[in-house]
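Take a look at the structure set out below.
The values are calculated or read from the model by the stated rules, or taken from the named source; none is laboratory data. Worth saying up front: this structure is predicted, and the values here are computed from it rather than measured. Here the Cβ positions follow ideal geometry from the backbone for every residue, glycine too, while neighbour counts run over all protein chains shown. Note: areas computed on protein heavy atoms with side chains; ligands, DNA, RNA excluded. Shrake-Rupley method; radii C 1.70, N 1.55, O 1.52, S 1.80 Å.
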Amino acid sequence: MSVNLKRIAFLPLLSLCIYTSAEAREKLNINRNWKDAFIEITTLGSPLWKENKTNAMAERVYERYDPAQEMKQPSSMMSLALNRPVTASSTKKQTDPKHVNNGDVSSVWEAEAGDQEKIWSVFLEDSYCVNQIELTFPDDKGYRYIVQVAKSDGVWKTVIDRSDEQKRNKTAHSEGDFGCDITHVRVKFVSECAALSQVRVGGKSVNSGS
């Protein structure tokens, strides 16, 4: 079974779509004779879904919840941003903001020339106490940037400031108390060039206590 929750940003729930596909049925060892099915549930409420503005949830194959498996998770996971919904102020051709949190360091997002904002942002789809943030760049051009976090109220707070950075390392790993109830993380470049290969975020879930 695959779960498509594209139209969810913040509660209340706007639209929930659940469907089964042949690929998902094979992976989950479900009866292959079943036909594809699609269920859509729509509720009323606010904020309203805004096409091309509201963060869309990434499609993924459903995995059955296993409490025992959750107990095995490390106290600080570095996968909080993996395959989460992302946005960018602009995107250069042949790059994609979704490449930055897909787990593949060979992929890349790059802002268009002339972009005055140069922002990449990820929605974590839950509230976390964040204590690690790692950026990987496609090269060692010496990017200058700030990293900001936000709660569901949308107020951004700078937690890492590398706006005067002179180092040319391809990976920048930072640890600290970056805040709790964090739902969004973004990277805002102040250098002329703006590009990312991967962003990893570590911390603990506020809701589960893991």
| message | Restricting to the range 85-95, name every residue that is in a loop (DSSP other than H, G, I, E, B) and either in contact with a Phe, Trp or Tyr (Cβ under 6 Å, 6 or more places away or on another chain) or open to solvent by 60 Å² or more (accessible area, probe 1.4 Å) (or both). | response | 85, 92, 93, 94, 95
| message | Take residue 180 and tell me if it is hydrophobic (A, V, I, L, M, F, W, C) and outside any strand (DSSP E or B). | response | yes
| Do we find a residue being at pLDDT 95 or above, closer than 16 Å to residue 172 by Cα and assigned to a loop (DSSP other than H, G, I, E, B) anywhere in the range 116-134? | no
| query | If you take the residues in the range 80-118 that are of a type in the set (Ser, Thr, Tyr) and in contact with a Lys or Arg (Cβ under 8 Å, 6 or more places away or on another chain), which one is farthest from residue 128 (Cα to Cα)? | reply | 90
